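Before any comments, here is the structure.
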Amino acid sequence: MGMAERRITVGIVDDEAFVRNALRTYLGVENDIEVVGEAADGTTALQLVARHSPDVLLLDLQLPDFDGIEVTRRLMARQEPTRVVVVTAHLSDRYVVPALLAGASGYIVKDAEPSRVVGAIREVLGGDLCVDPRTTRYLIEAAGRAAPSATHGDIHITDRERQVLDELCAGSSNSEMARRLFLSESTIKYYLANLMRKFGSRDRVQLVVAAFRSGLVT
């Protein structure tokens, strides 16, 4: 990394000191990432962002004063440039979709591989919405529980688009898709944009749900 290249700045918010220390230690070995602050509650999290304006905020959902979803809402209302990646033990209707609708750019379950957290930090800065495989499976199951709102039987996708869609629904990041399909990341983004247009989806999460409900992915 060149001296002039700026490091990715990260804030960590969790009410457990052990989790904060573990995340800080793991991120500390990454040459392009710098942890600029920590917080144990929602109020301090907002102060952290106001003071340091980190590129990414790793945010737990259960906090002593108000939850991470409310923190995310307030950051979005302030139009902060900081990207929020939820890192939580909770995977339920109460948390997943509300957090993403509030404006979170990522949702990672705490028992995911640590490399998934690092990948999410880099991916959301590239404009991606990053959810880990367990969260993706949860969203698919939630879509199956919901009543169908539209049919997609007349949607036609190419073989390559189907490969990209299968990878997306398996929870793969853009870089993982590119590696497995022997394509560039820009080409992956091109295919994803086409798929979102065909399914009328505004983001990756909506695309996963629409693909499952269409029957194209099972």
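The values are calculated or read from the model by the stated rules, or taken from the named source; none is laboratory data. From a predicted model like this one, the values you see are computed outputs, not experimental measurements. Using ideal geometry, Cβ is built from the backbone for each residue, glycine included, and neighbour counts are taken over all protein chains shown. SASA here: full protein model, heavy atoms, side chains in, ligands and nucleic acids out. Shrake-Rupley method; radii C 1.70, N 1.55, O 1.52, S 1.80 Å.
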* **Within segment 175-213, tally of residues that are open to solvent by less than 30 Å² (accessible area, probe 1.4 Å), in contact (Cβ under 8 Å) with a residue 40 or more places away in the chain and more than 18 Å from VAL131 (Cα to Cα)** => 1
* Asked: Any residue in segment 142-149 that is closer than 30 Å to ILE33 by Cα, open to solvent by 10 Å² or more (accessible area, probe 1.4 Å) and at pLDDT below 90?
  -> no
* Restricted to segment 64-95, and to residues that are among the hydroxyl-bearing types (Ser, Thr, Tyr) and over 19 Å from VAL10 (Cβ atoms), which residue is most open to solvent (accessible area, probe 1.4 Å)? -> SER92
* To do: Considering only residues that are of a type in the set (A, V, I, L, M) and over 27 Å from SER214 (Cβ atoms), look in segment 121-145 and name the one that is farthest from the chain's Cα centre (by Cα).
  => LEU125
* Asked: of a type outside the set (D, E, K, R) and without any contact (Cβ under 8 Å) to a residue 12 or more places away in the chain: does that describe THR43?
  -> no
* Mind checking whether some residue in segment 78-85 is at pLDDT below 95, more than 18 Å from the chain's Cα centre (by Cα) and of a type in the set (S, T, N, Q)? -> yes
* Asked: Just checking, which of GLU123, GLU34 is closer than 18 Å to ASP203 by Cβ and acidic (Asp, Glu)?
  -> GLU123
* Consider only pairs whose beta carbons are under 7 Å apart and that are at least six residues apart or on different chains; among these, list those whose first residue lies in segment 114-128 and is small (Gly, Ala, Ser) and whose second residue is open to solvent by less than 30 Å² (accessible area, probe 1.4 Å). => GLY119/SER173; ALA120/VAL85; ALA120/GLY106; ALA120/ILE108; ALA120/CYS130
* Number of the exception - VAL49 against (1) at pLDDT below 95; (2) assigned to a helix (DSSP H, G or I) -> (1)
* **Members of segment 113-138 that are more than 14 Å from SER173 (Cα to Cα) and open to solvent by less than 30 Å² (accessible area, probe 1.4 Å)** => TYR138
* Going through segment 5-25 one residue at a time, which ones are out of contact with any strand residue (DSSP E or B) (no Cβ under 8 Å at 6 or more places or on another chain) and either without any contact (Cβ under 8 Å) to a residue 24 or more places away in the chain or loosely packed, with under 15 Cβ neighbours inside 10 Å (or both)? -> GLU5, ARG6, GLU16, ALA17, PHE18, ASN21, ALA22, THR25
* Asked: Hey, any hits in segment 2-10 for a residue that's within 15 Å of VAL86 (Cα to Cα) and not polar (S, T, N, Q)?
  -> yes
* Structure fact -> Restricting segment 26-43 to residues that are outside any strand (DSSP E or B) and open to solvent by less than 50 Å² (accessible area, probe 1.4 Å), the one nearest to GLU80 (Cα to Cα) turns out to be GLY42
